[in-house]
Amino acid sequence: MSEENEWDHEVSSSVKEGAEDRVMIPEVIAAMNKMKKHKAAGLSGPVADVIQATRDIGIQCLTDLCYGIIKEGCIRDHWKSSVVLPVYKPSVL
């Protein structure tokens with residue numbers, strides 16, 4: 001059962017404009033852990049398996065890359081596109 005409360009129309013919060021200041025390593029690790037493993041590389045090249053295999057160095061490089069994207073405020077145009085190629089996989093009888 002839901003309960004409704006009276007709202008006094010008072011709102012107080014600190015306003016932060018723009019992007020976050022820094023991408024943190026734990027955030028990158030959490031995102032990497034959510035990625036599917038054993039997938040083919042796309043146009044950008046590296047896959048989660050490769051970055052995870054490099055351990056701390058790869059995670060640090062990826063963190064720095066994310067920070068650079070936020071700092072500059074733009075993503076390279078060729079990272080915004082993808083190509084999908086159908087691959088025939090015969091069924092096993």
Inset, instruction - Take each of the peptides 24-30, 72-78, 52-58, 86-92, average the number of other beta-carbon atoms within 10 Å over its residues, and list them starting from the highest. - result: 24-30, 52-58, 72-78, 86-92
Legend entry - Charge context of residue 51, other residues only, Cβ under 15 angstrom, K/R +1, D/E -1: +1
Legend entry - Cβ charges +1 (Lys, Arg) and -1 (Asp, Glu), total dipole of the range 25-77, debye: 260
Legend entry - Global form of the range 25-77, assessed from the alpha-carbon gyration tensor, a/c cut-off 1.5: oblate
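Laboratory data are not the source of any read-out in this text; all were calculated from the coordinates shown. Worth saying up front: this structure is predicted, and the values here are computed from it rather than measured. In this analysis, Cβ positions are derived from the backbone assuming ideal geometry, glycine residues included, and neighbour counts consider all displayed protein chains.
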